[in-house]
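Below is one structure, written out as structure tokens; the observations come after it.
The values are calculated or read from the model by the stated rules, or taken from the named source; none is laboratory data. Only a predicted model underlies this, so the values are computations on that prediction, with no experimental measurement involved. Every residue, glycine among them, receives a Cβ derived from its backbone with ideal geometry; neighbour counts consider all protein chains shown. Calculation scope for accessible area: heavy atoms of the full protein, side chains included, ligands and nucleic acids excluded. Shrake-Rupley method; radii C 1.70, N 1.55, O 1.52, S 1.80 Å.
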Amino acid sequence: MTEAHHERVLIVDFGSQVTQLIARRLRESGVYCEIHPYDKVEGMLDAFAPKAVILSGGPASAHEAESPSAPQRIFELGVPVLGICYGEMTMCAQLGGAVESGHSREFGRAQIQIERPSALLEGLGEVGDRETVWMSHGDKVTAIPLGFEVIAASEGSPFAVIADEGRRFYGIQFHPEVAHTPRGALILRNFTHRIAGLKGDWTMASYRQEQVAKIREQVGEAKVICGLSGGVDSSVAAVLIHEAIGDQLTCVFVDTGLMRKDEAKEVVSMFRDHYNIPLVHVDASELFLGELAGVTDPETKRKTIGRLFIDVFDRESAKIEGAAFLAQGTLYPDVIESVSARGGPSAVIKSHHNVGGLPDYMKLKLVEPLRELFKDEVRALGVELGLPPAFVGRHPFPGPGLAIRIPGEITPEKVAVLQDADAIYLDEIRKAGLYDSIWQAFAVLLPVKTVGVMGDARTYEHVLALRAVTSTDGMTADFFEFPWDVLGRCATRIINEVRGVNRVVYDVTSKPPGTIEWE
């Protein structure tokens, strides 16, 4: 938990798939906040001492007897409270209003009309003006509690925005946290800065200073091992910890042979030569590719990679005398998912990206300096620490590496083909100045071969798929609309320069809200 002098907002999680976006929007305006499940909030209110509370959306129906509710103490703290979607409904139900189902459903874009002035909607327009918002609810508030007034209404929601200005309680039926509500971030900022009076004093510079002090206090004179994957998270964690304790840190970099082209050389050069961080580099590519020979099931591939990674890491870590701590690049979404209010697909999705944790028998205490940060905040911290912007801005890369981008059996030849093709693809994207406009771009070597004619010879080679997606929040994605000339250059270079590919296709699949699985 971050230092007490930061003003904090508590987000009570009722299971919405976009609750994390509320926190992201608040963090973007410099407000520190944490998400906690509704059924675990009661016991931490005093210690957390929130300056404001937000009740998230959720899939339940507030009118049902067993529906989740906010601790009643929240409404007695004397701090502003904002209910979003289900949060508004449970607020109404708990404070004397009424919620019913079966009246009307609103899913998608809607227009709200401002009925009376309120600090919550400051800057959105005058009375009578309309604003586009994103609705997602099947139930409906049919009566608001005593003391509340209607601030805005939509065609399907007569209580789209309500307020008890005296107690500083507010409810909104739509989702201001999603990109589909264009000025939703302003509404949230109005709540935190205008209504709650927060200064927005949480920055990466202050976070860096606090974490350096915390790491020194936690570790003392002991040694720390960091499993360096080459990705942004573990790299930022390593540089931050090294700033705090210097050569008490040793990084162990396991090269699985499934990384991007030349990535292992770049990692070793940056950490060993540039940062002078003690680094153990283990080239285990033959081991990994040997164990994966003949394996075609995707989940078996991931589990095999996870098991081998743990074995190699364990063997190398045992050689480091005096190691008492293990550093991990755990991020805040991992923490949230581990204590989520309601079940969901996160465990399945995460298995798609990660290679597994370390076994209990290692008996190492954890150092997790990034566990309060979202991915974009980790990137900002990396820049604050002096890591090259091109490195911290790299597209996400899954834990199992290229193994999940080669459907079917993995062979050294296929890995080499994919590495070469992927490198050309990313090179052309960078040359066109498009890299930073894309959330993630990668190539997939499909388990399909086609007949083609190249020159005067007939070929029978692989089909390569290119994918690129855009995203503002890392939870929803849409395909990137490539200029045809750039795609053409990518395809031409890959076919000409990569032996083993004779056809290139582009994937235009979109990902719906709540889906974070790219591969």
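Points worth noting:
- For the chain, the longest principal axis of the C-alpha atoms and the axis of helix 484-497 are separated by about 30°.
- In this simple spin-label approximation, Ala222 and Glu76 carry label points 7 Å from Cα along the Cα→Cβ vector, and these lie 4.1 nm apart.
- Out-of-range pairs (alpha-carbon distance over 22 Å; input Lys414/Lys449; Lys301/Lys365; Lys261/Lys301; Lys319/Lys375): Lys301/Lys365; Lys319/Lys375
- Additional length obtainable on full extension of the chain from Ser101 to Arg116, 0.36 nm per residue less Cα span: 2.7 nm
- In degrees, nearest ten, helix 86-95 long axis to first principal axis of the chain (Cα): 30
- GluC sites (Glu not before Pro) lying in DSSP loop within segment 399-486, provided at most 15 other Cβ fall within 10 Å: Glu409, Glu481
- Note that segment 11-105 presents 36 Å² accessible area per residue, ligands and nucleic acids not counted, probe 1.4 Å.
- Projecting label points 7 angstrom from Cα along Cα→Cβ for His274 and Tyr460 puts them 4.6 nm apart.
- Rolling a 1.4 Å probe across the protein heavy atoms gives segment 405-475 an accessible surface of 43 Å² per residue.
- Helix 298-317 vs. the chain, principal-axis angle (Cα, 0 to 90°, nearest 10): 80
- Difference of contour (0.36 nm per residue) and Cα-Cα distance, Arg493 to Leu146: 118.1 nm
- Matching label, Cα extents along the principal axes in Å computed from the structure shown, candidates (i) 77, 63, 40; (ii) 119, 68, 38; (iii) 76, 44, 44: (i)
- Sorting the segments 169-176, 32-39 by their mean number of nearby beta carbons within 10 angstrom, highest to lowest, gives 169-176, 32-39.
- Approximating the spin labels as points 7 Å out from Cα along Cα→Cβ, the Glu291-to-Ala179 distance works out to 3.8 nm.
- Adding -39500 (n - 2.57) for every DSSP H run of four residues or longer, then dividing by how many residues the chain holds, sets the calculated 222 nm ellipticity at -9000 deg cm²/dmol.
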